[in-house]
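Novice: Sending over a structure as structure tokens; questions will come in a sec.
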Amino acid sequence: GRGGGGVPPPPDLANFHFEWTFYPPVALSIIVASGLYLAAVRRVNGDHPANPVPPDRPAFFLLGMACLAVALMSGIERYDTELFSVHMVQHLLLIFGAAPAIVLSAPITLVLRVSSPAVRSRRILPFLRSRVVRVIAHPLVAWLLFTVVMWGTHLSPLFDAALVNPLLHDLEHALYLGTALLFWMPVVGRDPSPYRLPYPARVGYLF
């Protein structure tokens with residue numbers, strides 16, 4: 001329905017490359033998030049020229065935003081409710097493209113570095129150290145949340161419902177991205193965390 005309604009023509013490479021849809025909530029979210037991240041990087045680099053943000057981190061963040069744009073606004077979005085294969089490619093881009101790239105960009109560390117000492121000590125750190133955050137960030141809880149969302153949305157009536165209800169489909173995407181971010185944190189996360197899995201445990205976690 002977002003793409004203009006009706007059944008689209010059979011897909012080809014041109015459809016996937018050039019049939020983009022401007023979906024305001026997604027587009028504006030990507031633009032705002034990218035702008036805020038890059039502005040924070042410029043500020044940190046300006047305030048701490050001897051200890052700038054590593055250049056790979058903004059590159060990873062922009063890669064994550066690009067994955068979101070391709071998954072949710074390119075020709076993939078046009079066929080995500082028509083072809084099961086495209087539907088799953090979209091999910092894989094969110095889970096194995098956007099999420100680990102965003103985690104590798106260390107957004108929490110950037111927020112901590114760009115914040116004033118007062119905001120950091122009174123608001124950000126208390127939130128990060130809260131019981132709720134500590135529970136959902138635990139590797140076992142993150143793994144369970146991710147697994148429940150994946151199985152629950154694919155092996156239940158929610159799968160068919162999301163194909164005909166755009167709002168439910170958007171909520172499904174948000175759940176995929178959110179739980180995938182939690183899932184990848186113990187594996188490739190660079191942000192400060194009370195949970196550091198040894199490398200053999202990371203392999204078992206992923207398996």
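The values are calculated or read from the model by the stated rules, or taken from the named source; none is laboratory data. As the structure is a computational prediction, the values presented were derived from the model and not from experiment. So basically every Cβ, Gly included, is an ideal-geometry build from the backbone, and we count neighbours across all protein chains shown. We work out accessible area using only protein heavy atoms, side chains counted, and drop any ligands, DNA or RNA first. Shrake-Rupley method; radii C 1.70, N 1.55, O 1.52, S 1.80 Å.
Novice: Share of the chain's accessible area from carbon and sulfur, percent, 1.4 Å?
Specialist: The nonpolar share, carbon plus sulfur, comes to 72 percent.
Novice: Here is a follow-up. Would you please classify the overall shape of segment 97-138 from the alpha carbon gyration tensor, given that a ≥ b ≥ c denote the square roots of the eigenvalues, rounded means a/c under 1.5, and beyond that prolate means a/b larger than b/c while oblate covers the rest?
Specialist: oblate
Novice: Still on this model: Between segment 127-147 and segment 148-207, what's the alpha-carbon centroid distance in Å?
Specialist: 12
Novice: Taking 0.36 nm per intervening residue step and subtracting the Cα-Cα distance, what contour gain separates Leu28 from Ala66 on full extension?
Specialist: Roughly 12.4 nm would be gained on extension.
Novice: Treating segment 13-115 as a set of equal point scatterers at the Cα positions, no solvent, please give the Debye-formula log₁₀ I(q)/I(0) at q = 0.12, 0.21 Å⁻¹.
Specialist: Relative scattering, expressed as log10 I(q)/I(0), comes to -0.46, -1.02.
Novice: Relative to the present Cα-Cα distance, how much length would full extension add between Ala174 and Tyr199 at 0.36 nm per residue of separation?
Specialist: Roughly 6.1 nm would be gained on extension.
Novice: I've got another one for you. When the helices in the chain are scored as -39500 (n - 2.57) per DSSP H run of 4 or longer and the sum is shared across all residues, what 222 nm value do you end up with, to the nearest 500 deg cm²/dmol?
Specialist: On the way: 13 runs with 140 residues, N = 207.
Using -39500 (n - 2.57) per qualifying helix, the result is -20500 deg cm²/dmol.
Novice: So what's the angle, to the nearest 10 degrees on a 0 to 90 scale, between helix 166-188 and the longest Cα principal axis of the chain?
Specialist: Helix 166-188 sits roughly 40 degrees off the main axis of the chain.
Novice: How big is the charge dipole of the chain about its Cα centre, in debye rounded to the nearest 20, if each Lys and Arg gets +1 on its Cβ and each Asp and Glu gets -1 on its Cβ?
Specialist: The calculation lands at about 1340 debye.
Novice: According to a simple spin-label model (label point 7 Å from Cα along Cα-to-Cβ), what is the distance in nm between Arg42 and Arg122?
Specialist: Distance between the two pseudo-spin positions: 2.8 nm.
Novice: In square nanometres, what is the average projected area of the Cα convex hull of the chain?
Specialist: 13.3
Novice: I would also like to ask the following. Measure nothing fancy, just the Cα-based angle from helix 139-154's long axis to the longest principal axis of the chain, in degrees from 0 to 90, nearest 10.
Specialist: Compared with the principal axis, the helix lies near 10 degrees.
Novice: Turning to a different aspect of this structure: So if a site counts as exposed when it's one of the trypsin sites (Lys or Arg not before Pro), its DSSP state isn't H, G, I, E or B, and it has at most 13 other Cβ atoms within 10 Å, what's the longest stretch of the chain without one?
Specialist: 1-128
Novice: For q = 0.15, 0.24, 0.29 Å⁻¹, what log10 I(q)/I(0) does segment 55-107 give under the Debye formula with an equal point scatterer on each alpha carbon and no solvent?
Specialist: Relative scattering, expressed as log10 I(q)/I(0), comes to -0.40, -0.78, -0.97.
Novice: At 1.4 Å probe size, with no ligands or nucleic acids counted, give the accessible surface of Val164 in Å², nearest ten.
Specialist: 120
Novice: Based on the alpha-carbon gyration tensor of segment 105-178, what equivalent-ellipsoid semi-axes (square roots of 5 times the eigenvalues) come out, in whole Å, largest first?
Specialist: Semi-axes from the Cα gyration tensor: 33, 15, 10 Å.
Novice: Now for a separate question. Among rounded, prolate and oblate, which fits segment 137-193 when a ≥ b ≥ c are the square roots of the eigenvalues of its C-alpha gyration tensor, a/c under 1.5 means rounded, and a/b larger than b/c means prolate?
Specialist: Judged from the Cα gyration tensor, segment 137-193 comes out prolate (a/c at least 1.5, a/b above b/c).
Novice: If DNA, RNA and ligands are ignored and the probe is 1.4 Å, what is the ranking of Ser105, Ser115 by accessible area, most exposed first?
Specialist: Values: Ser105 0, Ser115 20 Å².
Putting Ser105, Ser115 in descending order of accessible area: Ser115, Ser105.
Novice: What residue among Ala118, Met73, Tyr37 has its Cα farthest toward the positive end of the dipole of the chain, where the charges are +1 on Lys, Arg and -1 on Asp, Glu, each on the Cβ?
Specialist: Projecting each Cα onto the dipole axis, the largest value belongs to Ala118.
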